[in-house]
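The structure appears right after this line, and notes come after that.
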Amino acid sequence: MHDARAQLEFAAAKLRRGELVAFPTETVYGLGAAAFDEAAVARVFETKSRPPTNPLIVHVASVDMARTACTEWPEHAMKLAEAFWPGPLSIVVHRSERVPANVAAGGPTVCLRMPAHPLAIALIEAFGEPIVGPSANRSGHVSPTTAEHVRAEFPDVFVLDGGPCRVGIESTVVDVTLSRPAILRPGTIGAARIEAVLGVSMRNAEAGEQIARSPGLLHRHYAPRTPTLLCEAWSEFDLPEARFVVLTQRAHEVPQQATAIDMPGDAEGYAAALYDALRRADALGVELIIVERPSGPGDSSMWVAILDRLERASAQGEHS
Ligand code: TXA
Ligand code: MG
């Protein structure tokens, strides 16, 4: 089935039957199902082994479609969608009755996003209704940025192949149901850009303000199976015997006994390369993955989002 149109129709027919389809977005691949179909949504939780307390993002192809999933579309949502949709920004609003409770982990809100990827939009339009799309990985594991990553994790799920994801880390989640909006998950679009659009100051996690994080977002997340350490430099550790992989921006300094994965210097390049690098490191079957704390040119909010993912990838234990 090589014809793109035929693939889309095949995928949309699966969604109509309540089955799952993986699809590309500009951030990471999503595990799609009909958002208004409670049984299909339950299948997504089951397939990912996702705790039912962690709500799903609902993907839409337009603001009009977004309005069918919420009770009101507040001014803040309108402004953000105008500025950043299609794009890597997910907006939390009050959910409409059409959205089953399991999408929202039983809560009163729903998280909506219009992805900036032609295949994702074409799929949603062919299906005609919103699609839930958590990242297409087992709960807690590294998100997928290629169709191969998804197939490796879910061999039985049909994948629409859109090539490697351009952005590489998940969307920013912003809650506009509060009088002062808040970022619940940092991403490519940082607080400063959101504040500039809304003209209000946010409750700002980037500035260290303590706010409730997205429900169900585990401390240990985005994690390889191999033990992973985040540090300033591999040489902080005394590892005469261990076989390890280093994700580094200075590959030439890594000793021969280790494998170096050379990471881009700039924030945008680093984000796009990160999950593939973690998956490749994991596949080498070494004892330890060392990630050197990255820095460099590029958007500072992007570095905040990258460090958030690296801290979760290297966190000990299961819960925050
Ligand atoms: O870039 C992305 O957002 C990707 C692509 C596929 O669109 N999707 C993604 O989905 O990362 P997932 O399920 O892995 O992450 C969803 C995040 C979680 O942190 C979840 O807690 C939060 O969004 N979330 C979903 N619904 C929410 C709600 N009603 N209130 C607050 N947070 C919510
Ligand atoms: Mg995820």
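Miscellaneous remarks
- Scattering from the range 1-92 was approximated by placing one identical point on each alpha carbon and applying the Debye formula without solvent; log10 I(q)/I(0) at 0.20, 0.25 1/Å stands at -1.14, -1.36.
- GluC sites (Glu not before Pro) within the range 280-320, DSSP loop, no more than 13 other Cβ atoms inside 10 Å: 287, 318
- Length-normalised contact order of the range 69-214 in % [C-alpha pairs under 8 Å, at least 6 apart]: 22
- Gap separating the Cα centres of the range 99-129 and the range 62-93, nearest whole Å: 11
- The Cβ shell under 13 Å around residue 115 holds other residues with a net charge of -1, Lys and Arg each +1, Asp and Glu each -1.
- Across the options 44, 201, 165, the greatest Cα extent toward the positive end of the charge dipole of the chain (unit charges at beta carbon of Lys, Arg, Asp, Glu) belongs to 44.
- Relative contact order %, the range 1-141, counting alpha carbon pairs below 8 Å whose residues are six or more apart: 36
- Estimated 222 nm signal from helices in the chain, with DSSP H stretches of n ≥ 4 weighted -39500 (n - 2.57), rounded to 500: -9000 deg cm²/dmol
- Remark: spin-label model distance residue 152-residue 283 equals 0.4 nm, labels positioned 7 Å along the Cα→Cβ axis.
- Extension gain for residue 238-residue 98 works out to 44.7 nm (0.36 nm per residue, less the C-alpha to C-alpha distance).
- Length released on extending from residue 46 to residue 83, taking residue separation times 0.36 nm less the Cα-Cα span: 9.8 nm
- When you count the other C-beta atoms within 10 angstrom of each residue and take the mean per peptide, 145-156, 252-263 line up highest first as 145-156, 252-263.
- Near residue 287, once Lys and Arg are set to +1 and Asp and Glu to -1 for all other residues with Cβ below 13 Å from its Cβ, the sum equals 0.
- Positive contributions from Lys and Arg (+1) and negative ones from Asp and Glu (-1), summed over other residues with Cβ under 11 Å from the Cβ of residue 142, come out at +3.
- Low-density loop positions, GluC sites (Glu not before Pro), the range 19-112 - DSSP coil, at most 11 other Cβ in 10 Å: 72, 97
- Shape parameters for the range 73-146, alpha-carbon atoms, Rg then Dmax in Å: 13.5, 36
- P(r) tail fraction, the range 28-154 - alpha-carbon pairs more than 17 Å apart, %: 55
- Potential extension, residue 72-residue 13 segment - 0.36 nm per residue separation minus Cα distance: 18.2 nm
- The chain, relative contact order [Cα under 8 Å, separation at least 6], %: 19
- Percent of Cα-Cα distances greater than 26 Å, calculated over the range 84-234: 34
- Inter-part distance where the range 154-177 and the range 1-20 are each reduced to a Cα centre, Å: 18
- Model label points for residue 295 and residue 178, set 7 angstrom from Cα along the Cα-to-Cβ axis, are 2.9 nm apart.
- Divide the volume of the convex hull around the Cα atoms of the chain by the residue count and you get 129 Å³ per residue.
Computed from the coordinates by the stated procedures, all read-outs in this text should not be read as laboratory data. If you're wondering where the values come from, they're calculated on a predicted model, not measured in any experiment. Note that each Cβ is placed from the backbone with ideal geometry, even for glycine, and that neighbours are counted across all protein chains shown.
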